[in-house]
Amino acid sequence: MQRQTLTERTVAAGRESLDGRRRGVRAFLPFAGPAIIASIAYMDPGNFATNIQAGAKYNYSLLWVVLVANLVGMLFQALSAKLGIVTDTSLARACRDRFPRPVVWAMWGVSEVAAMATDLAEFIGGALGLSLLTGFALFPCLLATGAVTYAVLSLGNRGFRPLELVIGGFVGAIGLAYLAELFVAPPDWGAILHGATTPLLPGVDAVVLAVGIIGATVMPHALYLHSSLTQNRMPAASAAERRAVLRFSNIEVVLALGVAGLVNMAMVAMAAAAFHQGHAEVAEIQAAYHTLVPLLGGGAALVFALSLMASGFSSSIVGTMAGQAIMQDFLHFRIPVWLRRAVTMVPAFVLVGLGANVTQSLVWSQVVLSLALPVPMLALVVLTGDRRVMGRFANSRLTQIAATLAAAVVLALNALLIAQALLAWG
């Protein structure tokens, strides 16, 4: 992934915002983009699998878990963006510059595996959505998904905006799809409010699923990519201007991840309304699609498949971007986008050829991400709290405590997820 740039027109608009000549929404627009791209990681096919299972089996009871997971995600995406804005460097590059060489190599290896596992699962998810829509076998849909994602990635050669607009379109499509689903399968709004505000874990299996939801939300590759997208994006001539850029960035994080959180909650609500009474055993994406047809009609199933395809396409694009950023910033080494896309496609074809369960592949990709998650989370806590790195923009005591506690909780829950997965595998 080559370093992208904003057009002179967008930079000029950003300067007008910083100078106070633009106000309101017009002032915010030149800075929008990075958080929208990162938010795709919060609506990927892995989230489809966990959210469907949560709603079908436990009704609205686990909505509070989705809410908490997205709040933690907001905090860490904001820290990643801040690192890029303040230091003009990415998280991976900051790790390379600050940490011992053996540590850097280990961090790169773990992060590279996580990026490839993410891209692999999301690539399969996009192909599955296309397969459900068209009725074609998964193999040709894998080829089509690879072609589409590579074509969209090629827009990056024209700068930030074209790629951001396309991914923003995918985000909008996913959001509209689940808004439509809520009309087709009207949920119990009182139960939604209760489920979102009342911590409840009805049984041991619910604990495991809650851990899976949290483990699938804060994504290592999204933390790396966000800082890479914000570095050197909008020139800031003074500390006051940099603070203004940070303010716009935080607004975008709240808005973008807020939408992602609402989409995830809508997924759970749709599954609860459609499946909990009489079809609580639905746990796989294909089963959810085929069950929707007799329950709510072909239109609901069509919208579901379209949202899955948009999720898979967009998250696969973002996964490839993140993998490129991780490699070039940790190692100062770059490979062509088409080669990285091809490397990810090969394992997907192998898995499909071996007859692997698609939904189970998505679940195991979350386990791999859980193994890698400590690396960027702890690095962000350390780097953004260090005045030698951040200067006057280092985390406040309250922010540092909140980030440390959030990291500790998420990492403990991910350790539980890994233990559960290993027990299940055994």
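The values are calculated or read from the model by the stated rules, or taken from the named source; none is laboratory data. Source: prediction; values computed, not measured. No Cβ is skipped: glycine too gets one built from the backbone with ideal geometry, and neighbour counts run over all protein chains shown.
Just wondering, is there one or more residues in the stretch 15-26 that are modelled with pLDDT under 85, surrounded by 24 or more Cβ atoms within 10 Å (Cβ to Cβ) and either within 29 Å of Leu200 (Cα to Cα) or out of contact with any helix residue (DSSP H, G or I) (no Cβ under 6 Å at 6 or more places or on another chain) (or both)?
No; the residues of the stretch 15-26 include none that is modelled with pLDDT under 85, surrounded by 24 or more Cβ atoms within 10 Å (Cβ to Cβ) and either within 29 Å of Leu200 (Cα to Cα) or out of contact with any helix residue (DSSP H, G or I) (no Cβ under 6 Å at 6 or more places or on another chain) (or both).
Which residue, of Leu179, Leu138, Leu132, is more than 14 Å from Gly312 (Cβ to Cβ) and modelled with pLDDT of 80 or more? So that I can check it myself, show each step before the final result.
Values: Leu138 fails: more than 14 Å from Gly312 (Cβ to Cβ); Leu132 fails: more than 14 Å from Gly312 (Cβ to Cβ).
None of the other options fit; the residue is Leu179.
Does Arg9 count as surrounded by fewer than 12 Cβ atoms within 10 Å (Cβ to Cβ), among the charged types (D, E, K, R) and either at pLDDT 75 or above or within 27 Å of Met265 (Cβ to Cβ) (or both)?
Values: surrounded by fewer than 12 Cβ atoms within 10 Å (Cβ to Cβ): yes; among the charged types (D, E, K, R): yes; either at pLDDT 75 or above or within 27 Å of Met265 (Cβ to Cβ) (or both): no.
Here the answer is no, as Arg9 does not meet what is asked.
Listed residues Ala151, Ala117, Ala177; which is in a helix (DSSP H, G or I), surrounded by fewer than 20 Cβ atoms within 10 Å (Cβ to Cβ) and either in contact with a Leu (Cβ under 8 Å, 6 or more places away or on another chain) or not aromatic (Phe, Trp, Tyr) (or both)? Before the answer, list the steps.
Working: Ala117 fails: surrounded by fewer than 20 Cβ atoms within 10 Å (Cβ to Cβ); Ala177 fails: surrounded by fewer than 20 Cβ atoms within 10 Å (Cβ to Cβ).
Every option except Ala151 fails the conditions.
Scan the stretch 405-416 residue by residue and report those that are of a type in the set (Val, Ile, Thr) and surrounded by 15 or more Cβ atoms within 10 Å (Cβ to Cβ).
Filtering the stretch 405-416 down to residues of a type in the set (Val, Ile, Thr) leaves 409-410.
Of everything in the stretch 405-416, just one residue is of a type in the set (Val, Ile, Thr) and surrounded by 15 or more Cβ atoms within 10 Å (Cβ to Cβ), namely Val410.
When you scan the stretch 151-162, do you find a residue that is farther than 15 Å from Phe313 by Cβ and at pLDDT 80 or above, even just one?
The answer is no, given that none of the residues of the stretch 151-162 is farther than 15 Å from Phe313 by Cβ and at pLDDT 80 or above.
Could you give every pair whose Cβ atoms fall below 8 Å, whose first residue belongs to the stretch 84-101 and is within 20 Å of Asn250 (Cβ to Cβ), and whose second residue is among the basic types (Lys, Arg) and at pLDDT below 90, counting only separations of at least 6 or pairs across chains?
Correct list of pairs: Gly84/Arg233; Ile85/Arg233; Ile85/Arg242; Val86/Arg242.
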